[in-house]
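This report concerns only the one structure given below.
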Amino acid sequence: MAGKVLNLPAPTAENIRVLRDQARAHNDPDQLLAFALYLIDTVSQITIDEQDTKQGAKTRERMVLEAQKIIKKLATQGLGIGKTAYPEAQFYLANCYGSGSIGLPVDYDRAFSLYLQASKQNHPPATYRTAVCYEIGAGTRRDYNHAMQFYRKAANLSYTIAMYKLGMILLKGHLNQAKNPREGIFWLKRSAAAATEDTPHALHELGLVYEKDVSSTVIADERYSFELFSKAAHLGYAPSQCKLGTCYEYGLLQCQVDASLSVLWYRKAADQGITEAELAVSGWYLTGSEGVIEQSDHQAYLWARRAADKGEPMGEFTVGYYTEIGIGITADVEEAKRWYMLAMSRGNQKAVDRLKELKRIAAGRSQVESSVEQKSCVIM
């Protein structure tokens, strides 16, 4: 945010007075907004005297109210008659109304109005949020045509996440739009070129396109696909990290099989909660790999359980299987059935097949026991 100022002093009465005077003297919207955000960010640092908690609470309240007043003035009047409202303040205030922060009520209508006003001044994030509001119907009626209009505007303002969003809409035909893979890939490439840790998404999607293009828009290129996944993975994007784990495990996309790198990338993705990666780590512990990962039934079960506890069908099936066989946990067929039933309820076909097999085994065992009993009766 333009108004954000770092390394400001502790919120003493004297420091606040000095910063207030400086902001007012310069009459600069950036500095005024920075001062308002300083008040909000540091209000929790105000020490409340145990003997006078009411006074401390009043001090905090005054700081928040002063910040609100500054932000609202910047967002509505700018710096005076004839001055333009400050779009950065409009955007910040819209976010506050959208989330109910800094003591303001949740008000989607006001949030949308402020996003729209800031967008008129070509504020990229506000333009993108305006599009989102139109897409989901927040503070305004749902209107895909208007959403597309503002997604395009934000993309043309080179806002990275908007370029990605527009690219995916055109590539997949979302929001009732006709598919346009060529233009979609154009916007994904622009977004990928500006990718950061906060916006790595386009790199991954382009990787999928070049891995096996079905639109005939580009020529499939496995090596380039891997490079795109690798860039996203190094930016911390969990789906790409999981993809690299798979590539190194099976030697995909022209990679050499490398157990060490496979485990490394699966672990990174699993640490971010990707269930596919958690199950892959479980599989590595189940088999082990000399010099890379020590075989451990217990760890295999725990990693599978992490996925299962999130309602992941394959995770539930895997835990069911481990429980049936006794891998990392005491064997318990009835408990295994419970996990299989959960997986089956979410459409896992392996669980369906396993339950049928257990039923068949139980029926066969029952027939054998019945036959033995009949023979015993004849002998007696």
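Values quoted throughout were computed directly from the atomic coordinates according to the rules given, and no laboratory measurement underlies them. Remember, it's a predicted structure, so these values are computed and weren't measured experimentally. All Cβ positions, even for glycine, are placed from backbone atoms using ideal geometry, and neighbour counts span all protein chains on display.
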Taking the simple approach of a point 7 Å from Cα along Cα-to-Cβ for both Asp109 and Glu227, what is their distance in nm? 5.3 nm
Gain on full stretching of the segment that runs from His298 to Lys120 - 0.36 nm per residue minus C-alpha separation: 58.2 nm
Histogram of C-alpha separations across segment 158-224, 10 Å bin width, %: 25, 54, 21, 0
Note on segment 233-312: alpha-carbon gyration tensor, axes a ≥ b ≥ c; rule is a/c under 1.5 for rounded, else prolate if a/b larger than b/c, else oblate; result oblate
What order, most packed first, do the peptides 307-319, 224-236 have when packing is the mean number of other Cβ atoms within 10 Å of each residue? 307-319, 224-236
Spherically averaged projected area in nm², based on the convex hull that wraps the Cα atoms of segment 112-165: 2.9 nm²
Report the label-to-label distance for Lys350 and Leu264 in nanometres (one decimal), using points 7 Å from each Cα along the Cα→Cβ vector. 2.8 nm
How would you order 241-247, 299-305 from highest to lowest mean count of nearby Cβ atoms within 10 Å? 241-247, 299-305
P(r) of segment 10-137 in 10 Å steps, Cα pairs, percent per bin? 13, 38, 31, 14, 3, 0
Provide the packing ranking of 142-150, 183-191, i.e. peptides ordered by the mean count of other C-beta atoms within 10 Å per residue, highest first. 183-191, 142-150
Gln77: net charge of surrounding residues, Cβ under 13 Å, Lys/Arg +1, Asp/Glu -1, itself excluded? +4
Average projection area in nm² (convex hull over Cα atoms of the chain, one quarter of hull surface): 31.7 nm²
Multiply the residue separation of Arg141 and Thr59 by 0.36 nm, subtract the distance between their alpha-carbon atoms, and state the gained length in nm to one decimal. 25.5 nm
Fewest to most neighbouring Cβ within 10 Å: what's the order for Ile325, Ile40? Ile325, Ile40
Between Lys359 and Lys189, what length in nm is gained on full extension when 0.36 nm per residue of separation is reduced by their alpha carbon distance? 55.9 nm
Taking 7 Å along the Cα-to-C-beta vector as the label spot, tell me the Leu252-Val218 distance in nanometres, rounded to one decimal. 1.7 nm
